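Below: the structure, in structure tokens.
The values are calculated or read from the model by the stated rules, or taken from the named source; none is laboratory data. Since the structure is predicted, the reported quantities are computational estimates derived from the model, not experimental observations. Backbone-built Cβ (ideal geometry, glycine too); neighbour counts: all protein chains shown. When the accessible area is computed, the model is the full protein with side chains, heavy atoms only, and any ligands, DNA or RNA have been set aside. Shrake-Rupley method; radii C 1.70, N 1.55, O 1.52, S 1.80 Å.
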Amino acid sequence: MQCFQFYLPTKVYFGQKASENVGKETKILGKKALIVTGKSSARKTGLLQRVEKSLKRAEVETFIFEGVEANPSVETINKGTKLAKEKKCEVIVGLGGGSPLDAAKGIAILSTNPGSLVDYFGRNRIKKNPLPVVAIPTTAGAGSEVTPYAVFTHRENRCIRKKIVADSSLFPKMVLADPELTLSLPASITADTGIDAFSHALESYLSNRSYPLSDVLASEAMKLLFNYLPKAMENPKEINIRSQVLYASLLAGMAIAQTGTILVHAMSYRLTTDLGLSHGKACALLLPSVCEFNLKEGHPKLTLLGECLGENMENMTIKKAAEKVVTTIKDFICQLALLQNLKIEKIKERTIEDFAQEIMQDKRKLASNPRQATLEDVIGMYKKAL
Ligand code: NAP
Ligand code: FE
């Protein structure tokens, strides 16, 4: 059997009311907390006030950093860090979608490490342990609550790029995954964030870095999302359905924490920075063409993958099986109405080439991708998607 290393040092509370543990659990990690949250959803639903109250009741002095935008910028992290340092915070509570959770991680890094966030872009660059992070996800998608990654938007001269910090010290100390917090998600964000989780699971499953235990997490996540994501859109207030989707997104996060993602995510970032697409939509656009490229010559788990998506793949040729899986994924994306009314302006040939050239520098992603991709292959996948 394949050798592997599995690391996941995050304490997970999962279930209804899990978020109510925030006071007593945060208290163990520090006496002064900074809550990092998004623009308005947590305040509107009253969640922010409840978390603040729970912390105060546990005698944790609490400060709030609100207004984290989608795909958080380095400037936002700098502002949050300034507040964390001024108030001498000892623990960071991330409350919201993937963006505030990643922002919490960025603030945690800069609160204990010198220099700028830019110094930590890449892998294993963090010298000192960041402040402990408590993650309370309110979307079911990014999985940041159980990953050692954080993604930031960095502007340099005229170039805007999404940059990743990957370091095992970035695993949150604790996650309070409470499906009740996802009940307020509108259908469009449910679909957007849910397809991100689905993409994590699928990419982990196909990755060259996958192994039997990561496959258990990834395949279960795929099955659950395939079944429950459309249901969550039809019945947004149904807590049992929301629970399944949040659970699946947690499993998918655990899977990529071990294996990383493949070309879908790598190729998606420029669609966000240059075309303004949300992270979920960018992944949804690329999923079919990247899957087609990776599956059409076969993949050892092709049949199993089809079965995760409810297809009977018996007696199918590789070609037919690959086509079936790609069609099923396209139909799934269609069912979620993710790309409906999406208008993408015609992109210049040169721009696509520029996107693809950048991917060719990402040796790690290329090595994780199950089929070796050339520059022409990446250009082809972009063209098919766009
Ligand atoms: P997000 O950018 O955090 O949030 C998207 C929208 O959802 C915001 O408008 C937010 O509003 C709203 N929202 C959040 N929770 C809500 C709720 N319960 N009810 C109603 N509205 C709610 O979206 P995300 O997809 O979760 O995160 C995307 C980010 O995560 C990207 O930057 C992506 O690169 C990153 N990511 C990170 C990892 C990782 O491992 N670290 C993995 C994948 C993706 P408010 O601003 O008002 O709260
Ligand atoms: Fe993602």
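Points worth noting:
- Helical segments meeting 20 Å axial Cα length and Kyte-Doolittle -0.5 threshold in the chain (DSSP H): 98-112, 187-206, 212-234, 239-259, 279-295, 318-335
- Protein-only accessible surface at a 1.4 angstrom probe places the residues 324, 79, 343 in the order 343, 79, 324, largest first.
- Euclidean distance between Cα centres, the stretch 279-297 to the stretch 223-275, Å: 14 Å
- Size check on the chain: the Cα extents along the three principal axes, sorted descending, read 63, 47, 47 Å.
- Once the chain from residue 354 to residue 79 is taken as fully extended at 0.36 nm per residue, the excess over their C-alpha distance is 95.8 nm.
- The chain - percent of accessible surface contributed by carbon and sulfur, probe 1.4 Å: 50 percent
- Centre separation in Å (Cα based) which lies between the stretch 100-125 and the stretch 148-164: 12 Å
- Rolling a 1.4 Å probe over the heavy atoms of the protein chains gives the chain an accessible area of 44 Å² per residue.
- Label-to-label distance for residue 334 and residue 188 is 2.2 nm, based on points extended 7 Å past Cα in the beta-carbon direction.
- Here the spin labels are modelled as points 7 Å beyond Cα on the Cα-Cβ line, and at residue 87 and residue 20 they lie 2.5 nm apart.
- Listed residue pairs exceeding 32 Å between alpha carbons, taken from 32/127; 39/348; 128/163; 17/87; 296/348; 24/85: 39/348
- DSSP-defined antiparallel bridges as percent of all bridges, the chain, nearest 5: 25 percent
- Rounded to two decimals, the Cα-based Rg/Rh of the stretch 11-182, with Kirkwood Rh, is 0.94.
- Per-residue [θ]222 nm for the chain (sum of -39500 (n - 2.57) over DSSP H runs n ≥ 4, rounded to 500): -16500 deg cm²/dmol
- Residue-span extension gain [residue 234 to residue 32] - 0.36 nm each, minus C-alpha spacing: 68.6 nm
- Subtracting the Cα-Cα distance of residue 57 and residue 161 from 0.36 nm times their residue separation leaves 33.3 nm of extension gain.
- With both labels modelled 7 Å from their Cα along Cα-to-Cβ, the residue 364 to residue 342 distance reads 2.6 nm.
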